[in-house]
Amino acid sequence: MDFMKIKMVRTGRFELPWVSPPPPQDGASTSFATSAMQRVAETGYKGFNRFMQVKSDFIPIERWAGLTPYPEAVRLMEAAVADVLAGGTERIFICEHPPVFTVGSSGDTKTDILDAGDIPVVETGRGGKITAHGPGQLVVYPILDLSRRGKDLRAYVRTLQESVLEVLADFGIDGRLTDDVGVWVGDDASSQKIAAVGVRVRRWVSYHGFALNVTNDLDVYKRIIPCGLADKGVTRMADFSNVSVGDVEAVLRRVLSQTFSLES
């Protein structure tokens, strides 16, 4: 194991925004910012996501009712991680939070927050910098044993990103991946983030995850420098398609089940 992996295991934190793609075939483009529609047509995303599948019963997906306060979400994740480490069941949580700013392990509250106002700021152990949560944003917290999935943190983050791309494509939204972590829409000149990714691991069990903007209020992002990227914008699915949180959640459940479970 190389030094970086040793460091990540010891700290329990993971923040790797770039995942090297497989070598291109002869004549293929070397750009990693590939169109999601093209990727659906060519691969259906099955090639990369299959790495994360294990033979097991379907992983339970639990939707927390209403708006879950962020500290309560952390408590529930911590308890679920402890359960998996003790031999319990993997699971995936889906929720919405009341308005809150969360600061990751590389965030800086002095430079990344412009005006928090009455929105709480919570420092958390996930990877990444600062982001916003609120009603209309679907937050996904997979509690998975990565020791059963190759112990490859880069592949895990890439799989989360690919899962979001597949959800977007189902609603006709052309998402893409870039050198910056997360999922984006638009070309290089007008790139906007539609999903933020930040995870943490403890003895190869994952928690935290990603946040997908569906119908949430984007004005709160004016109060911060999202993910520390002052020159990038933020967007949501509702700006591209007539969507509801319920409709997106239904597709998200299907994609997550297909990605991380493989029936015996």
**Q.** Sorted by Cβ density within 10 Å, fewest first, the residues 191, 206
**A.** 191, 206
Q. How much net charge surrounds residue 71 when only other residues with a Cβ under 12 Å from its Cβ are counted (Lys, Arg +1; Asp, Glu -1)?
A. -2
Q) Tally Lys and Arg at +1 and Asp and Glu at -1 over the other residues with C-beta under 12 Å from the C-beta of residue 140: what net charge comes out? A) 0
Q: Can you put 167, 205 in order of Cβ neighbours within 10 angstrom, beginning with the fewest?
A: 205, 167
Q: Using DSSP to define loop residues, name the chymotrypsin sites (Phe, Trp or Tyr not before Pro) in segment 58-95 whose beta-carbon has at most 14 other beta-carbon atoms within 10 Å.
A: 58
Q. In debye to the nearest 20, how big a dipole does segment 32-262 give about its Cα centre with +1 on each Lys and Arg Cβ and -1 on each Asp and Glu Cβ?
A. 820
Q) At what distance in angstrom do the alpha carbon centres of segment 109-139 and segment 210-231 lie from each other? A) 9
Q. If you keep only loop residues by DSSP, which trypsin sites (Lys or Arg not before Pro) in segment 160-264 have at most 13 other Cβ atoms within 10 Å of their Cβ?
A. 203
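Computed from the coordinates by the stated procedures, all read-outs in this text should not be read as laboratory data. Bear in mind the structure is a predicted one, so any value in this text is a computation, not a measurement. Using ideal geometry, Cβ is built from the backbone for each residue, glycine included, and neighbour counts are taken over all protein chains shown.
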